[in-house]
Amino acid sequence: MRRDSRTGRGWSRILPRCGRLICGRALACAAFLSIASLLANHALCYGKTPAANQQAPAFSRIDLQGRRIRLADYRGKVVLLNFWASWCAPCLLEMPRFVEWQSSYRAQGLQVLGVSMDDEASPARALDHKLHLNYPVLMGDARLGELYGGILGLPVTYLLDRRGRIRSRFQGEANLGKIEAQLKILLSEQQ
Amino acid sequence: MNSKQEEPMNVNRSNAGRRRYFILVAFLGISFSFAHAQFAPSAAAGSALSIPLDHLLQPSQLNDLLQRPAHQPPLILQVGSHVLFSQAHIPGSQFIGSTATPAGLELLRNRVASLPKAGFIVLYCGCCPWSHCPNVGPAFKQLRDLGFTNVKVLYMADNFGDDWVAKGYRVEKGQ
């Protein structure tokens, strides 16, 4: 009989009716919130942003110099993949730093790749020339954007490790110190 | 007598105090204006920051408007890049192109040429953070200069992805 008092039947005796009602409503609310959260997450997955540690989506494009650029060819290097456009002011602030990093960390295995999301190549070419970009720049499009979760605002920068896995994603006016710190960690890792 | 003799001195002291106070206030005012001009975001004519607050529309407000089938929806014009538009755009919106360029502004002028001046028009871009958007400011200014009286600009603090898509509001893809 003592054991029975600790079972559900025991609790039902201990808890008054209104208490059980509140518990039931709380459970119903929790279930509703869980479903709402799932639906919200579904909406967020519109562009299927590649998750951290997932293999970066492969692509192959011709860069502004006419060279074939395959992401797979950079396996073994740390890749900084930067989506930008000539009309994007925060992008223009970042790019000179990427030029510096490409020079300073090249020997350690850094490869910067720029993807211009301009509608036409001419402004990207002009900027490539003006900023003396020392890394390949290719023209992006909606397909490449969707592959990387929808590039629906710029700049967007991905850091890929030596195995080609996505390790970080930075969007908007990013903290360059934070990107560089993460970059150093990836450069210190062996394949 | 003493009090009468002291009175002008008190008046002088009080005038000197007022002068010092005035100089201090003027100095602080000038310093503040200078600092503001140096460090505050520029609200130059044509920038997104120059758009009056009462002409801004929040994404939630536009989403609510689009949910009401009984209401005549506004004409929604995207004045950003085509690469962004073709990935995702507001249902029913039309692509104009970047109005940071004279060619884009001409396309906008042509699109609205036959519209009534009181027509409800919503402009949006969402290419980059609001204060850096090169497109919405010139587009808004042009429509106002053309005499359109009911123009709103969708306020996207960060970008179209974060301020519209990530909130779960409906989008369309394609041209």
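The values are calculated or read from the model by the stated rules, or taken from the named source; none is laboratory data. Every value quoted in this text rests on a predicted model; they were computed, and no experiment measured them. Note that we place each Cβ from the backbone using ideal geometry, even for glycine, and neighbour counts take in every protein chain shown. The accessibility values were calculated without ligands, DNA or RNA, using every heavy atom of the protein model including side chains. Shrake-Rupley method; radii C 1.70, N 1.55, O 1.52, S 1.80 Å.
For residue A:120, neighbours were defined as the other residues whose beta-carbon sits under 14 Å from its Cβ, and their charges (Lys and Arg +1, Asp and Glu -1) total -3.
The accessible surface of segment B:48-167, taken with every protein chain in place and a 1.4 Å probe, is 54 percent carbon and sulfur. Model label points for residue B:53 and residue A:107, set 7 angstrom from Cα along the Cα-to-Cβ axis, are 5.5 nm apart.
So how much slack lies between residue A:129 and residue A:89, counting 0.36 nm per residue of separation and subtracting their Cα-Cα distance, in nm? List each step's numbers first, then the result.
Details: separation 40, 0.36 × 40 = 14.40 nm, distance 1.71 nm.
Full-extension gain reported as 12.7 nm.
Here the simple spin-label model places points 7 Å from the Cα toward Cβ, and for residue B:94 and residue B:113 these points are separated by 1.2 nm.
Averaged over peptide B:155-161, the number of partner chain Cβ atoms lying within 10 Å of each residue's Cβ comes to 4.
For a quick protection proxy, order the peptides A:109-120, A:59-70 by their average other-Cβ count within 10 Å, most packed first. Write out the running numbers ahead of the final one.
Values: A:109-120: 22.1, A:59-70: 13.4.
Packing proxy ranking, top to bottom: A:109-120, A:59-70.
Taking amide H as placed 1.01 Å from N in the peptide plane, the amide H of residue B:56 sits under 5 Å from that of B:153, each at least 5 places away or on another chain. Taking the 1.4 Å solvent-accessible surface of segment A:94-191 as the whole, the part contributed by carbon and sulfur is 47%.
From the square roots a ≥ b ≥ c of the eigenvalues of the alpha-carbon gyration tensor of segment B:51-104, which class results: rounded (a/c under 1.5), prolate (a/b over b/c), or oblate?
Values: a/c = 2.24, a/b = 1.45, b/c = 1.55.
Oblate, since a/c reaches 1.5 and b/c is not below a/b.
Summed over both chains, the accessible area lost when B and A associate is about 1800 Å², using a 1.4 Å probe. Rounded is the label for segment B:48-167, because a/c, from the alpha-carbon gyration tensor with a ≥ b ≥ c as root eigenvalues, stays below 1.5. Local charge for residue B:119 was computed over the other residues whose Cβ lies under 13 Å away, with Lys and Arg +1 and Asp and Glu -1, and equals +3. Projecting label points 7 angstrom from Cα along Cα→Cβ for residue B:60 and residue A:100 puts them 4.0 nm apart. Look at the stretch B:78-84: the mean tally of other chain Cβ atoms within 10 Å of its residues' Cβ atoms is 6.
How large is the accessible surface per residue of segment B:48-167, computed with a 1.4 Å probe and reported in Å² as a whole number?
Working: 4870 Å² over 120 residues.
Here the residues of segment B:48-167 average 41 Å² of exposed surface.
For the residue pairs B:117/B:141; B:117/B:167; B:117/B:152; A:77/A:178, the C-alpha atoms sit more than 24 angstrom apart in B:117/B:167.
Write down the percent of antiparallel bridges among all DSSP beta bridges whose residues are both part of segment B:65-175, to the nearest 5.
Details: 1 of 10 bridges.
DSSP beta bridges in segment B:65-175 are roughly 10 percent antiparallel.
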